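Read the structure below first, then the notes.
The values are calculated or read from the model by the stated rules, or taken from the named source; none is laboratory data. Small disclaimer: the values here were computed from a predicted structure and weren't measured. As a convention, Cβ positions derive from the backbone with ideal geometry for all residues, glycine included, and neighbour counts pool all protein chains shown. Heavy atoms of the whole protein, side chains included, go into the accessibility calculation; ligands, DNA and RNA do not. Shrake-Rupley method; radii C 1.70, N 1.55, O 1.52, S 1.80 Å.
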Amino acid sequence: AIDWIAEKNPELKIIQTVRHPVPLALSWKARNWDPGYSLQRLLSQDRLMQGPLRPFEGIMRDAGSFWEQVGAFWSGVTYLQWQLHRPGWILKEHEWYCMHAEERIAWLAGEMGLGINDSMCAFINCRSSGSSGPGYGIARDPKTEVHKWEKKISSQELKELEQVVSRFELPFYPGLDPEAFREDEF
């Protein structure tokens, strides 16, 4: 629908954010969500599977484990985001914003023609007081969020995920490194 929205509202600047696949997977796992269901819903969309996702259909259909299915779903959706990206739109990784939150949110506000004030900066910085629980609550340090997942996944699970994700050859998170950003792109 993004192309339709852009066509009907050419003055809009679309902001797309890519989330690292491991936090997505851990979020689904914590809620007992079945990635196979979401993957099958994606695979059942003929227009996508006969179009932009055609080269990846085999990879997506062969995904067996939880981690492979999440990897195939995340990669398919992220591939679509990347392919639908248009000049003038903004496409950044979630972690890119986290690493220098105040500076990068101020940049985003400027790109959108908005200002940033002391109240907004205080809101961004109040999260630096640390996390108060196992989840992603309101109080959190953006920089530690980038690596929060690393102790919650086994090396075997990470390997299964990475083996699927790497086959899509996406420009995001090479080697699943949450700090590997392409500063000059998007």
Study note, to complete from the structure: Restricting attention to segment 109-122, the residues that are in contact with a helix residue (DSSP H, G or I) (Cβ under 8 Å, 6 or more places away or on another chain) and open to solvent by 30 Å² or more (accessible area, probe 1.4 Å) number exactly 3
Check your understanding: Which members of segment 30-47 meet the condition of being modelled with pLDDT of 95 or more and among the aliphatic types (A, V, I, L, M)?
Key -> LEU39, LEU42, LEU43
Exercise for review: Working only within segment 1-30, note down all residues that are open to solvent by 30 Å² or more (accessible area, probe 1.4 Å), of a type in the set (Gly, Ala, Ser) and not in a loop (DSSP other than H, G, I, E, B).
Suggested key: ALA30
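To keep it simple, each residue is scored yes or no on (1) in a loop (DSSP other than H, G, I, E, B); (2) free of Cβ contacts under 8 Å to residues at least 12 places away in the same chain.
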{"site": "LEU80", "(1), (2)": "no, no"}
{"site": "GLY88", "(1), (2)": "yes, no"}
{"site": "LYS92", "(1), (2)": "no, no"}
{"site": "GLU95", "(1), (2)": "no, no"}
{"site": "CYS98", "(1), (2)": "no, no"}
{"site": "GLU103", "(1), (2)": "no, yes"}
{"site": "TRP107", "(1), (2)": "no, yes"}
{"site": "ILE116", "(1), (2)": "yes, yes"}
{"site": "SER119", "(1), (2)": "no, yes"}
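Yes or no, residue by residue, for (1) modelled with pLDDT under 95; (2) over 25 Å from PRO174 (Cβ atoms):
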position: PHE56; (1), (2): no, no
position: ASP62; (1), (2): no, no
position: HIS85; (1), (2): yes, no
position: TRP96; (1), (2): yes, no
position: SER119; (1), (2): yes, yes
position: GLY133; (1), (2): yes, yes
Review point. Does segment 50-101 hold any residues that are crowded, with 18+ Cβ neighbours inside 10 Å and over 19 Å from the mean Cα position of the chain (by Cα), and which are they?
Key: ILE59, ALA63
Exercise for review: State yes or no: is SER75 modelled with pLDDT of 85 or more, touching an Asp or Glu at 6+ places or on another chain (Cβ under 6 Å) and polar (S, T, N, Q)?
Suggested key: no
Exercise for review: Look at GLY36 and say whether it is in contact (Cβ under 8 Å) with a residue 40 or more places away in the chain, in contact with a helix residue (DSSP H, G or I) (Cβ under 6 Å, 6 or more places away or on another chain), of a type outside the set (A, V, I, L, M) and assigned to a helix (DSSP H, G or I).
Suggested key: no
